[in-house]
Amino acid sequence: MSNISFKLGYKYLRSPKGGLFSFTSILAISGMTIGIASLIITLSVMNGFERELKNRILGVIPHSLILNETSITNYEELIRDLEKDSNILKASPFIQTQGIISANNQSRGVNLSAIDVLNEKEMTIIPEYMSVGSIENLLEPNTVIVGSWLAMYLGVYLGDEIILTTPDIKSTIFGSLPKSFRLKIVGVYELKSELDQSLILTSHSFGQKVKGLKRFNSIHKTKNKRHITS
């Protein structure tokens, strides 16, 4: 069978005029080669892009969250217990809320993540993608780190100030009003993903101030050895 296939292939590969290859054979082989090469290149590029995007998103978003209906008062003890699990690389207190930031007559809805600054290098990849400034700058009071797209949209840069308005209510002599804070930009990160448009970082202590938690915490995030998928 293989001998017959070889003879048939050789017969139609050669030119009927006695040449080594016919024009039709060259055209068919060239088309097939280009098609297969294009498919391999496209798949390689897409796989690389998907892997890079997944790493950047999962490198920022917590692999798992521990939530509670009320404040978590013993979060330091809970973190120690979590880190005893061999499947958990690191655990950290984490406060999350939403708000609107404003500057230069521009406003944008954002997700605010109040992080443990000293542990952030072990929790996410954001410290590796800082364009200017440093995560440690959040140790200063009333400071914030924003994404590059968001900074460009608002027309702000390192050292500028923004106004953060949250849905949390405070009582004043004029009635109940949403809380507002003036924050100084101490860093800009660039992940080249959608997170650049919506995620801002503050210190954990500032998050406690926003939510009125004092020494309490609302959410825990963990970094696991394996990503959790649903």
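Consider Met46 against the criteria (1) surrounded by fewer than 14 Cβ atoms within 10 Å (Cβ to Cβ); (2) farther than 17 Å from Ile115 by Cβ; (3) touching a strand residue (DSSP E or B) at 6+ places or on another chain (Cβ under 7 Å): it satisfies all of them except one. Which criterion is unmet?
(3)
Condition check: within 22 Å of Glu120 (Cα to Cα), among the basic types (Lys, Arg), touching a residue at least 12 places away in the same chain (Cβ under 8 Å) and surrounded by 11 or more Cβ atoms within 10 Å (Cβ to Cβ). Does Lys179 satisfy that? Talk me through it step by step, then tell me what you get.
Numbers: within 22 Å of Glu120 (Cα to Cα): no; among the basic types (Lys, Arg): yes; touching a residue at least 12 places away in the same chain (Cβ under 8 Å): yes; surrounded by 11 or more Cβ atoms within 10 Å (Cβ to Cβ): yes.
No: the conditions fail for Lys179.
Please work out which one of (1) in contact (Cβ under 8 Å) with a residue 60 or more places away in the chain; (2) over 19 Å from the mean Cα position of the chain (by Cα) is the condition Ile115 fails and give its number.
(2)
What single numbered condition from (1) surrounded by fewer than 17 Cβ atoms within 10 Å (Cβ to Cβ); (2) modelled with pLDDT of 75 or more fails to hold for Gly99?
Condition not satisfied by Gly99: (1).
Take Glu194 and decide whether it is among the acidic types (Asp, Glu), out of contact with any strand residue (DSSP E or B) (no Cβ under 6 Å at 6 or more places or on another chain) and surrounded by 12 or more Cβ atoms within 10 Å (Cβ to Cβ). Spell out how you get there, then give the answer.
Working: among the acidic types (Asp, Glu): yes; out of contact with any strand residue (DSSP E or B) (no Cβ under 6 Å at 6 or more places or on another chain): yes; surrounded by 12 or more Cβ atoms within 10 Å (Cβ to Cβ): yes.
So Glu194 passes the test.
Scan the range 87-95 and tell me whether some residue there is in contact with an Asp or Glu (Cβ under 9 Å, 6 or more places away or on another chain) and of a type in the set (S, T, N, Q).
Going residue by residue through the range 87-95, those that are in contact with an Asp or Glu (Cβ under 9 Å, 6 or more places away or on another chain) are 89-94.
Then keep just the ones that are of a type in the set (S, T, N, Q); that gives 92.
Yes; the residues of the range 87-95 include at least one that is in contact with an Asp or Glu (Cβ under 9 Å, 6 or more places away or on another chain) and of a type in the set (S, T, N, Q).
Would you say Val188 is surrounded by 15 or more Cβ atoms within 10 Å (Cβ to Cβ), in a strand (DSSP E or B) and of a type in the set (Val, Ile, Thr)? Let's see the steps before the verdict.
On the way: surrounded by 15 or more Cβ atoms within 10 Å (Cβ to Cβ): yes; in a strand (DSSP E or B): yes; of a type in the set (Val, Ile, Thr): yes.
For Val188, the condition - surrounded by 15 or more Cβ atoms within 10 Å (Cβ to Cβ), in a strand (DSSP E or B) and of a type in the set (Val, Ile, Thr) - is met.
Every residue in the range 158-176 that is surrounded by fewer than 13 Cβ atoms within 10 Å (Cβ to Cβ) and among the hydrophobic types (A, V, I, L, M, F, W, C), please.
Ile169, Ile173, Phe174
Going by the structure shown, is Phe181 at negative phi and more than 23 Å from the chain's Cα centre (by Cα)? Talk me through it step by step, then tell me what you get.
Details: at negative phi: yes; more than 23 Å from the chain's Cα centre (by Cα): yes.
For Phe181, the condition - at negative phi and more than 23 Å from the chain's Cα centre (by Cα) - is met.
The values are calculated or read from the model by the stated rules, or taken from the named source; none is laboratory data. Computed from a predicted structure; not experimentally measured. All Cβ positions, glycine included, derive from the backbone under ideal geometry; neighbour counts span all protein chains shown.
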